[in-house]
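The values are calculated or read from the model by the stated rules, or taken from the named source; none is laboratory data. Small disclaimer: the values here were computed from a predicted structure and weren't measured. Please note: Cβ atoms are built from the backbone with ideal geometry, for glycine as well, and neighbour counts cover all protein chains shown. Heads up: the accessible areas ignore ligands, DNA and RNA and are worked out on the full protein's heavy atoms, side chains in. Shrake-Rupley method; radii C 1.70, N 1.55, O 1.52, S 1.80 Å.
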Amino acid sequence: MTAGDSQDDSEDTTGRAAWTAGCKLAELLLLEDKHAVREWFAPGARTLELGAGCGVAGCAVAARDPTAHVLFTDSNTACLDTAARNAARFGTRCSTSVLRWGDVDAASRVAETFRPTLVLGTDIGYDPSSHEALVTTLAALHVEVVLVEQVRYRDVFSWFLDELGRAGFALAGRVDDVGERVCCMRVCINTNDS
């Protein structure tokens, strides 16, 4: 029997491996001294990583800034266990929480408890069927968002940006193709009522 034979086909395993955008962000934060994206992460930030998977991006934030606090969130508890193991060397500055996209009440509770100053998502916009729930969650968290996405299909990437725009997010910064077709964006929720 192979490893693939023992896996339940209905089990979501997307977060059990390091994806390109998370690895690229880690490289930018830890190896590139003067990259513009680094400026988006203020010292001492309280960063909520959405769809953290194994936690590559959040660990890079914690490694770069010894005053940062990172909350890894995911709907998959196995992924959160892996993220917690990967972040163990950062001690109590890192924690985990289950968060399912589209659950506004849960997102509001997490925001109230953790008080994030920044939401981070890497390779979370790849599935158009999740865009509405994802953007609803981002809006409920109501803080600045850094998104790092590998552009696999231009249409899907455009749909994701369109969904963010319809929800009232505005682009505050963008760095295209930092390598391996990865794009970094900083978006803010528009607080104007007009």
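Structural remarks
- Residue in segment 91-98 that is surrounded by fewer than 13 Cβ atoms within 10 Å (Cβ to Cβ), at pLDDT 95 or above and more than 28 Å from Val175 (Cα to Cα) present: yes
- Of all the criteria given as (1) at pLDDT 95 or above; (2) part of a helix (DSSP H, G or I), the one not satisfied by Arg38 is (1).
- Residue that is surrounded by the most Cβ atoms within 10 Å (Cβ to Cβ), among those in segment 173-193 that are closer than 16 Å to Glu39 by Cα and without any contact (Cβ under 8 Å) to a residue 60 or more places away in the chain: Met185
- Out of Ala170, Ala140, sole residue that is open to solvent by 10 Å² or more (accessible area, probe 1.4 Å), at pLDDT 95 or above, part of a strand (DSSP E or B) and not acidic (Asp, Glu): Ala170
- Residue check for Val61: crowded, with 23+ Cβ neighbours inside 10 Å, outside any helix (DSSP H, G or I) and modelled with pLDDT of 95 or more: no
- Residue check, Val145 open to solvent by less than 10 Å² (accessible area, probe 1.4 Å) and either more than 23 Å from Val104 (Cβ to Cβ) or at pLDDT 95 or above (or both): yes
- Across segment 147-167, the number of residues qualifying as part of a helix (DSSP H, G or I) and either among the aliphatic types (A, V, I, L, M) or in contact with a strand residue (DSSP E or B) (Cβ under 6 Å, 6 or more places away or on another chain) (or both) comes to 3.
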